[in-house]
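Novice: Attaching a single structure in structure tokens format; questions to follow.
The values are calculated or read from the model by the stated rules, or taken from the named source; none is laboratory data. All of these numbers come straight from a predicted model, not from anything done at the bench. Ideal geometry is used to build each Cβ from the backbone, glycine not excepted, and the neighbour counts take in all protein chains shown. To get the accessible areas, we keep the full protein, side chains included, count just its heavy atoms, and leave off ligands, DNA and RNA. Shrake-Rupley method; radii C 1.70, N 1.55, O 1.52, S 1.80 Å.
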Amino acid sequence: MMKLTHAVRYVVLAGWLVGMQASEAAAPAFPEQLTGSWATGESLYSGTEPQTELHLAADGFGMWTGSTSAPVRRDGGGDGKPVPRGIIGFPLQAEMDGLQLKLQLLLPQGQHLMPAPQMVITCSYQPDPSTLTCLPPLGKALVLSRRGGSLAPEAAQLIERLRRVL
């Protein structure tokens with residue numbers, strides 16, 4: 001009787017391990033060429049136009065940030081130094097929808113982040129040069145260039161803090 005119990009345990013454990021490997025293999029991996037940082041400019045403060053950044057972790061969790069255009073003094077004066085811009089950001093969960101990258105923006109609801117209705121950004125990837133053309137729900141298409149395949153330390157820290165809210 002004891003041998004049967006061990007044999008049953010072995011079969012159950014082996015089946016569980018095979019099932020875990022199969023489910024991991026079946027789970028779609030987020031494409032490595034899409035992870036990292038993407039942007040319309042060198043930074044959220046570049047130039048005079050509004051700027052956008054996308055930061056994606058390897059599991060597709062990330063953030064979408066944007067800045068307003070650079071303020072201009074009415075009198076035309078100024079010392080040429082950068083002036084404050086409005087900056088806003090949203091956590092997001094990215095997933096592949098066929099060949100399209102779908103970015104679902106998340107908003108806080110109580111102690112959790114929940115999908116924001118009607119706030120989905122779709123992007124098309126072009127490998128050479130490495131760009132994402134993204135279409136926000138309202139607004140014109142944005143072309144983001146890849147800054148790098150890894151996240152800047154500040155972006156990675158913020159994403160980890162946001163992840164704890166999930």
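Novice: Each residue of segment 114-121 in order: what ³J(HN,Hα) in whole Hz does its phi give by Karplus 6.51 cos²θ - 1.76 cosθ + 1.60, θ = phi - 60°, with x for Gly and Pro?
Specialist: Once rounded to whole Hz, the list reads 10, x, 8, x, 6, 10, 10, 10.
Novice: I'd like the distance separating the alpha-carbon centroids of segment 103-166 and segment 28-66, in whole Å.
Specialist: Value for the Cα centre distance between the two parts: 6 Å.
Novice: Could you sort W64, W38 by accessible area so the largest value comes first, with the probe set to 1.4 Å?
Specialist: My answer, sorted largest first, is W64, W38.
Novice: Also, quick follow-up: Rounded to the nearest 0.05, what FRET efficiency is calculated for T48 and R164 with R0 set to 30 Å and r the Cβ-Cβ distance?
Specialist: 0.25
Novice: Tell me the label-point distance for the pair A156, H112, using the 7 Å Cα-to-Cβ offset, in nm and rounded to one decimal.
Specialist: Here the answer is 2.9 nm between the modelled labels.
Novice: While we're looking at this one, here's another question. Separation between the D79 and Q126 pseudo-spin-labels, each 7 Å from Cα along Cα→Cβ, expressed in nm?
Specialist: So the two model labels end up 4.1 nm from each other.
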